[in-house]
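Single-structure report; data block below.
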Amino acid sequence: MSGTPAGTAAPDRVHRFVEHVMGLPISLALRGRHADSAEGRRAWSDVMAELAEVDRVFSTYRPDSFVSRLGRDEVCLEDGPPEVAEVLTLGARAERESGGSFAVRRLGPEGRTVLDPSGVVKGWAVERASRRLDALEATDYCLGAGGDLQCRTLDAATAPWRIGIEDPYEPSRLVAQVPVRTGAVATSGTAHRGAHLVDARTGRPPAGVASVTVIGRSLTWADLDATAAYARGRDAARWLGTRPGRSGLVVWADGTTTLVGPSA
Amino acid sequence: MRRIVIWFASTLTVVVLLFGYHTSTNSPGTPAAASAPAATAPTSGSSSAAPSSSPTPSASSIGSTSDATRTTTGPVVQTRWGPVQVELTTQGRKLTDVQVVQYPNGNSKDAEINDYALPVLVKDTLAAQSANIDMVSGATVTSTGYLQSLQAALDDAGL
């Protein structure tokens, strides 16, 4: 009972790896030559080591991370690794392009401005770490981190990766599926963590929207756009429709859905 | 070859056509693409390009309860990129394949723009088929919540 259509090469066996870092489960699916080779396992170790390093620098849960110290004005940007400036630049660009619904510096619960680049870091870090897998010859990958993922498929005749999109109201079920050969899928919502995402313009959780999924080339931008669109509440689908080269799915608070095509 | 075009040509409207009937897209901020079902043309029947290998009954196939494989060809629909027609294959109540039997001969710029397929909405009868999924995207799953997640089930199955 294969879903593989005639004319498409049968997919190779998929090998899976799971570890935890940054408080997130990291899942890797590999298929092809290095799916189960020493080189494949070494690349997976490299991915995890890089993500652990990102966590040391960027974690807002670690008081001694560079970003935590930067937030307390104990250090200057120039004192840290160049990646911090890169991430803050991405955050500034996302803030501008989202009309301010996304921001890395925003009002915290006590009315103070807090520095929280986590909204940039996750997608950016996973996309960056996925480059460790790019060197694997004749090997396809799908690297996921806490519900966001970046995939590669080398041969156009291979079936695409089949990505399931969780139902925000019933995370054990899928609300949709999307085929992705090479690209990224990111979902923002509150299913697993409660209302932790706010509209940076108001400091309050958005209304009317349950989750936003974005499919695009880069996980950095899929993740940023999913977060920014979600933060816009009832404007999520319209705004996402203005973003170049993305497609997506918005699940509204009442359970209805809107599919969003790439803008022409 | 046709498969390549499927994912690089405009699948987006196609998918809406198939599943738009079953879902409400009349939410605030509905974009142009999501309103495509309104443009449905009543032209149905098999396409010359369709390599149909199964008996081809018409009508809605998703509600079927038998295990027979059924292929259903949808109507030709006019999209901004040209006419699009799709073919659904179901086995019992399960959707096993979606093929585009007619797609617009858009220019290469369009093909680039429409790089990514639209998600295909899953209805109750098709839900939770985690065996047919490689990876799950959802609102941030933390390590604590991971054990209950679909992704964990997938990872387990593959280890």
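The values are calculated or read from the model by the stated rules, or taken from the named source; none is laboratory data. Being a predicted model, the structure only gives us computed values, none of them experimental. Cβ coordinates were reconstructed from backbone atoms using ideal geometry, including for glycine residues, and neighbour counts include every protein chain displayed.
Restricting the search to region A:237-264, which residues are in a helix (DSSP H, G or I) and over 17 Å from the mean Cα position of the chain (by Cα)? Spell out how you get there, then give the answer.
We begin by selecting, within region A:237-264, every residue in a helix (DSSP H, G or I); these are A:237-240.
Answer for region A:237-264, where residues must be in a helix (DSSP H, G or I) and over 17 Å from the mean Cα position of the chain (by Cα): A:ALA237, A:ARG238, A:TRP239.
For region A:130-146, enumerate the residues that are part of a helix (DSSP H, G or I) and under 19 Å from A:THR187 (Cα atoms).
Of everything in region A:130-146, just one residue is part of a helix (DSSP H, G or I) and under 19 Å from A:THR187 (Cα atoms), namely A:SER130.
Would you say A:THR190 is polar (S, T, N, Q), over 18 Å from A:VAL14 (Cα atoms) and within 10 Å of chain B (Cβ to nearest Cβ)?
Working: polar (S, T, N, Q): yes; over 18 Å from A:VAL14 (Cα atoms): yes; within 10 Å of chain B (Cβ to nearest Cβ): yes.
The answer is yes for A:THR190.
Criterion first (in a loop (DSSP other than H, G, I, E, B) and within 30 Å of A:SER59 (Cα to Cα)) does A:LEU149 satisfy it?
Against the criterion (in a loop (DSSP other than H, G, I, E, B) and within 30 Å of A:SER59 (Cα to Cα)), A:LEU149 does not qualify.
From the set of residues in region A:27-76 that are aliphatic (A, V, I, L, M) and under 18 Å from the mean Cα position of the chain (by Cα), which is farthest from A:LEU88 (Cα to Cα)?
A:ALA29
Suppose we keep only residues that are touching a Ser or Thr at 6+ places or on another chain (Cβ under 6 Å) and surrounded by 24 or more Cβ atoms within 10 Å (Cβ to Cβ) within region A:157-183. Which one would you say is modelled with the lowest pLDDT?
Filtering first and then ranking leaves A:PRO168.
Considering region A:152-178 alone, what residues qualify as being touching a residue at least 12 places away in the same chain (Cβ under 8 Å), part of a strand (DSSP E or B) and either more than 7 Å from every other protein chain (Cβ to nearest Cβ) or farther than 19 Å from A:ARG13 by Cβ (or both)?
A:ARG152, A:THR158, A:GLY164, A:ILE165, A:GLU166, A:ASP167, A:PRO171, A:VAL175, A:ALA176, A:GLN177, A:VAL178
What residue, of A:ARG106, A:ARG93, is surrounded by fewer than 22 Cβ atoms within 10 Å (Cβ to Cβ), more than 13 Å from A:ASP223 (Cα to Cα) and touching a residue at least 60 places away in the same chain (Cβ under 8 Å)?
Only one candidate qualifies: A:ARG106.
Which residues, counting only those in region A:13-70, are free of Cβ contacts under 8 Å to residues at least 40 places away in the same chain, of a type in the set (Asp, Glu), under 16 Å from A:TYR141 (Cβ atoms) and not in a strand (DSSP E or B)?
Scanning region A:13-70 gives a single hit, A:ASP36.
Just one of (1) facing chain B (nearest Cβ under 9 Å); (2) more than 24 Å from B:TYR146 (Cβ to Cβ); (3) among the hydrophobic types (A, V, I, L, M, F, W, C); (4) without any contact (Cβ under 8 Å) to a residue 60 or more places away in the chain trips up A:TRP239, so point out which.
For A:TRP239, the failing item is (4).
Just a yes or no: is a residue in region A:195-204 within 12 Å of B:SER137 (Cβ to Cβ), more than 13 Å from the chain's Cα centre (by Cα) and among the hydroxyl-bearing types (Ser, Thr, Tyr)?
No, that holds for no residue.
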